[in-house]
Amino acid sequence: MANNYGLGRGLASLIPRRDEKTEEKKEADINQPAIGNQQPILDPAAILPSGIQEVDIIRITPNPHQPRIKFDPEKLQELAASVKEHGIIQPLVVTKNDGGFEIIAGERRLQAAKIAGLTKVPVIVREASSRQKLELALIENIQRHDLNPVEEAKSYNKLVEDFDLSQEEISQKVGKSRSAIANKIRLLNLPVEIQRALIEEKITEGHAKAILAIENPEKQRALFELILKNHLTVRQVESKTQEISVRAYKRLAHQDPELKAIEDKLVGLLGTKVKLSKSGDGGKIIIEYYSQEELGSILDKLGNNS
């Protein structure tokens, strides 16, 4: 088995070659305490030395801050076959942890090595804080385009909520605009079934962003079902959201206060969207539902109130 431990494209792009004085300066800079609330910007080259060693694979545990959750089984098998034939080209980056090691970057390579039957893997051992572990894993996955949009959004959100980083600070670290970070995090506002469809690639990120133009979760779900049923393009979804917004605006502008009060009462009784339209002395009552279970619940409520 070839023991080629040269750095591959992923981390190599994060570790430009420097002379020893530059490396020593970077090492000192990253260990300097933060001034006030300002956090030192993580330079991966400053925390990844060139020393490589082999360690037992059973001593390595996953990174709890690993942003990537979903691994494509077919691609993992392909990587395992390559690892079995050529060895691990790019060493894992780990930190010491309770007599063993914890991955900072290289979770997929570790899984492939286990499938390939390796007992030892090449690693670079380095100290890193919890935030640095997440940042490095996030940067590596982003550079390799390995994260799905929801995983990426959750990683950014974790940096905001758990490590008090601003969206501007995150944008500097991962090389994306602040608006791109904000738009990615907004995906977490979608109903869980729409997030799941995005992960499973049933819809694209463009579809998801178009759905976000509608604030009402029930209408978001209805539009989502329409996308799946009619295979709508992103452009078609954007047109639909504009139509919905215009109709909602006109309806609010011309709504009878008495009808609105009745609608609100029916919504409270039935737990779903209800629309009333008046025509002369009569009119229509439209009760919306989004599943057979919800329809059954509405019928039960109507029966109980009859």
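The values are calculated or read from the model by the stated rules, or taken from the named source; none is laboratory data. Small disclaimer: the values here were computed from a predicted structure and weren't measured. Note that each Cβ is placed from the backbone with ideal geometry, even for glycine, and that neighbours are counted across all protein chains shown.
Scanning the range 127-156 for residues that are under 15 Å from the mean Cα position of the chain (by Cα), of a type outside the set (A, V, I, L, M) and at pLDDT 75 or above turns up Glu135, Asn148, Pro149, Glu151, Glu152, Lys154, Ser155, Tyr156.
May I ask you to list the residues in the range 180-227 that are in contact (Cβ under 8 Å) with a residue 40 or more places away in the chain, buried (at least 17 other Cβ atoms within 10 Å of the Cβ) and within 12 Å of the chain's Cα centre (by Cα)? Of everything in the range 180-227, those that are in contact (Cβ under 8 Å) with a residue 40 or more places away in the chain, buried (at least 17 other Cβ atoms within 10 Å of the Cβ) and within 12 Å of the chain's Cα centre (by Cα) turn out to be Gln195, Leu198, Glu205. Quick one: would you say Ser177 is touching a His at 6+ places or on another chain (Cβ under 8 Å) and surrounded by fewer than 18 Cβ atoms within 10 Å (Cβ to Cβ)? Here the answer is no, as Ser177 does not meet what is asked. For the range 62-97, the candidate set comprises residues that are of a type in the set (Asp, Glu) and modelled with pLDDT of 80 or more; within that set, the residue that is farthest from the chain's Cα centre (by Cα) is Glu85.
Has the range 132-149 got any residue that is touching a His at 6+ places or on another chain (Cβ under 6 Å), in contact (Cβ under 8 Å) with a residue 60 or more places away in the chain and under 20 Å from Thr61 (Cα atoms)? Yes, there is a match, as at least one residue in the range 132-149 is touching a His at 6+ places or on another chain (Cβ under 6 Å), in contact (Cβ under 8 Å) with a residue 60 or more places away in the chain and under 20 Å from Thr61 (Cα atoms).
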